[in-house]
There are 2 protein chains.
Amino acid sequence: MSADHPFDAAIALSAVGEGVFDGATHAGYANMVGPFGGITASTLLHAAWLHPQRLGEPLALTVNFAGPVVEGPFRVTARALRTNRSTQHWHIELEQGGELAASASAVFGQRRDTWSATEIAPPLHGPGEQVPVKGLSPRVVWPQRYEMQFVKGGWPDFANPQDAPADSDSELWIRDSPPRPLDALALAAICDAFYPRIFRRRQRFTPAGTVTLSTYFHADAALLAAQGTRAVLGRARAQHFGGGYFDQTAEIWGDGGRLLAVSHQLVYFKD
Amino acid sequence: MSADHPFDAAIALSAVGEGVFDGATHAGYANMVGPFGGITASTLLHAAWLHPQRLGEPLALTVNFAGPVVEGPFRVTARALRTNRSTQHWHIELEQGGELAASASAVFGQRRDTWSATEIAPPLHGPGEQVPVKGLSPRVVWPQRYEMQFVKGGWPDFANPQDAPADSDSELWIRDSPPRPLDALALAAICDAFYPRIFRRRQRFTPAGTVTLSTYFHADAALLAAQGTRAVLGRARAQHFGGGYFDQTAEIWGDGGRLLAVSHQLVYFKD
């Protein structure tokens, strides 16, 4: 970890008390309104990660985006709700101006050597191509913090929409820009780096924002470290749209077709 | 809702203060250790549901199973973290003997009439067959609280294991027993009614317990009410096993191939 990297600068927290941390938004990860959700997710995970009582490594993270995070400082509090022999449960809150903007639960724990199997298959490992981001507000800076090479389902061009596809699948090679060694913090953000699936399905700009995001980490720290700065292969797709909400699900694959994480989210949209 | 139904008796809560409720485990939903996780999930959701400040209907629920719930009374506290124009975020805790046993986040909100589409296909609508539960401890009572007609992947018979299948898929028709009109509370429990996928993959008893469970509700109250007491079609499968944990994902389909909910969980296992 290096404070020189924009990712590490963005998730940086200063301890100001037992489980209380101060941080601030980073202009390099700005989204339409407030910061990229993935960087907020990593920041909340980081608070538990930095806590002196933290045991083990991240197994699961759920982040609830309760309200807009605005540009400027914020406070994060992390509290261990329960520590067991092999797992530890955390509750984390991010406040700005005394109002809660995001909350999270995180499970840390020890992994053991067990039988293993993967039932889902990795996407086709074709080469990707860089697809320019078009038609989004110039305020949306965060895609510049990633190298994204799309195999399928690249950023739609809202000015020149394609025929709306029957599925919302995207597959892409992705890594931090500039490259940064992979760890669970970076992976937590990458899990949210898929643009809203409704952009692809409808081929037009639609206001949308993640309501809640859950990530399960299948890779341990050693496997993530072994991935180094090489790009991972991500796949995302929606399952159902309706009533002003949709869910999308993502997989992140590492070298040798190893499943590093799966992630699910419920997204608000307006049409 | 009728307090005469075992489901309603099991999730019953008495308000003892602002957002503070007393409840107790129900012998009819006993699992190997403590109650069936689905009934705990519904009980936590019920606390927010009953809160006088609650607005709208459930959109998402994440439950973290932090420690065993033991037979007897418990206390549930529900706190609205933030209320917006269209969504409301809750934090809920279940304690026994002063120690946290489970926590949850819930998002309630208003649905609006929007464009809708479902990208995943429902399972084959074949008839199901009742498959007896064998080889589990007689303490495991909760499966008797459901009518389960398996189309595929019924309860394994640990004494007469099949060849271990290459996938962990189960598909089944399921409803409360005795039948009870469907609502989000019942649906939250049904989302956890799929036995641990490792039972199917390995065809042998394996100690396993849900660590964290996230459900996204795609059906509104009217659609759930229209389903009435008719069985829903559920599908569950695992994605990855390893390091002492696996994740499994579930879909619940109603009449006419309407997707009612999707649910994901991370499960601890020991081998």
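Going through (1) within 14 Å of chain B (Cβ to nearest Cβ); (2) more than 22 Å from B:S214 (Cβ to Cβ) one by one, A:S177 falls short only on (1).
Scanning the stretch A:47-73 for residues that are surrounded by 24 or more Cβ atoms within 10 Å (Cβ to Cβ), in contact (Cβ under 8 Å) with a residue 40 or more places away in the chain and not polar (S, T, N, Q) yields A:A47, A:A48, A:P58, A:L59, A:A60, A:L61, A:V63, A:F65. One residue stands out in the stretch A:222-248 among those that are within 11 Å of chain B (Cβ to nearest Cβ) and under 18 Å from A:A184 (Cα atoms): the one that is surrounded by the most Cβ atoms within 10 Å (Cβ to Cβ), namely A:L223.
Among the conditions (1) surrounded by 20 or more Cβ atoms within 10 Å (Cβ to Cβ); (2) under 25 Å from A:H264 (Cβ atoms); (3) among the β-branched types (V, I, T), B:T25 misses just one, which is (2). Checked against the criteria, A:V211 does not count as out of contact with any Lys or Arg (no Cβ under 7 Å at 6 or more places or on another chain), farther than 16 Å from A:V262 by Cα, away from chain B (no Cβ under 14 Å) and β-branched (V, I, T). Yes or no: the stretch A:30-45 includes at least one residue that is more than 20 Å from A:L213 (Cα to Cα) and among the aliphatic types (A, V, I, L, M). Taking every residue of the stretch A:30-45 in turn, none turns out to be more than 20 Å from A:L213 (Cα to Cα) and among the aliphatic types (A, V, I, L, M). Pairs are defined by a Cβ separation below 8 Å, a sequence spacing of at least 6 or placement on different chains, a first member in the stretch A:7-20 that is part of a loop (DSSP other than H, G, I, E, B), and a second member that is among the charged types (D, E, K, R); the pairs so defined are A:L13/A:D22; A:G19/A:R79. When the stretch A:90-148 is filtered for residues that are loosely packed, with under 13 Cβ neighbours inside 10 Å and within 11 Å of chain B (Cβ to nearest Cβ), the ones remaining, listed by number, are A:E99, A:D113, A:A121. For A:T43, the test of being modelled with pLDDT of 95 or more and within 12 Å of chain B (Cβ to nearest Cβ) is failed.
Just checking, how many residues over the stretch B:124-153 are at pLDDT 85 or above and within 12 Å of B:I174 (Cβ to Cβ)? Number of matching residues: 8. Restricting attention to the stretch A:111-127 and to residues that are β-branched (V, I, T) and under 23 Å from the mean Cα position of the chain (by Cα), the residue that is farthest from A:N84 (Cα to Cα) turns out to be A:I120. For the stretch B:219-264: of the residues being without any contact (Cβ under 8 Å) to a residue 40 or more places away in the chain and of a type in the set (A, V, I, L, M), which is farthest from B:P58 (Cα to Cα)? Applying the filter and picking the extreme gives B:A226. Looking across the stretch B:249-271 at every residue that is out of contact with any Lys or Arg (no Cβ under 9 Å at 6 or more places or on another chain) and of a type in the set (S, T, Y), the one that is farthest from the other protein chains (Cβ to nearest Cβ) is identified as B:S263.
Report yes if A:Q227 is modelled with pLDDT of 95 or more and either in contact with a Lys or Arg (Cβ under 7 Å, 6 or more places away or on another chain) or closer than 28 Å to A:R201 by Cβ (or both), otherwise no. When the stated conditions are applied, A:Q227 does not pass them.
The values are calculated or read from the model by the stated rules, or taken from the named source; none is laboratory data. If you're wondering where the values come from, they're calculated on a predicted model, not measured in any experiment. Virtual Cβ from ideal backbone geometry, glycine too; neighbours counted across all protein chains shown.
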